[in-house]
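Written below as structure tokens is the structure these notes are about.
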Amino acid sequence: MKDRRTARRYDLSLPVIVGPPTGNETASRTGNTRDISAQGVYFTINRDLDTDGILNFKMTLPSEATDGSEVFIKATGRIIRVDKRSGIDDEKVGVAAVFEMQEIVRSKT
């Protein structure tokens with residue numbers, strides 16, 4: 001199978017909050033990224049998601065990489081693949097998504 005990725009991927013585990021594009025905070029879920037590129041992200045989460053769904057993402061960059069200030073990546077993306085669980089209850093689901101919009105936000109301190 002040919003790898004169709006064109007952007008360089010970075011193995012980076014970041015906390016990620018994913019939720020519906022409506023901004024409903026109570027429907028948000030947390031997970032961790034496995035890798036990220038300028039075009040998309042692969043993350044794990046404890047709940048199945050629908051392929052072709054639209055999500056909002058918020059990822060927090062480590063303070064070591066941002067001179068101690070709080071920096072977030074906010075994005076909207078489309079799910080392109082969900083790697084389903086193998087039947088084990090505590091196993092996480094892998095999700096690949098492409099970004100449709102992203103921005104870097106630095107907190108005001």
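Read-outs: derived from the displayed coordinates by stated rules, not from any lab. Predicted, not measured: the structure shown is a model, and the values here were computed from it. With ideal geometry, Cβ positions are generated from the backbone for all residues, glycine too; neighbour counts draw on all protein chains shown.
Worth pointing out:
- Length gained when the stretch ASP48-THR76 is fully extended (0.36 nm per residue, less Cα-Cα span): 8.3 nm
- Estimated at 0.36 nm per residue, the fully extended path between GLN102 and THR60 surpasses their Cα-Cα distance by 13.8 nm.
- For ILE79, net neighbour charge (Lys/Arg +1, Asp/Glu -1) across residues whose Cβ lies under 14 Å away: 0
- Applying 1/(1 + (r/R0)^6) with r as the Cβ-Cβ distance of VAL93 and ALA27 and R0 = 25 angstrom yields a FRET efficiency of 0.95.
- Electrostatic bookkeeping for ARG106 treats Lys and Arg as +1 and Asp and Glu as -1; over the other residues with beta carbon under 11 Å from its beta carbon, the sum is -2.
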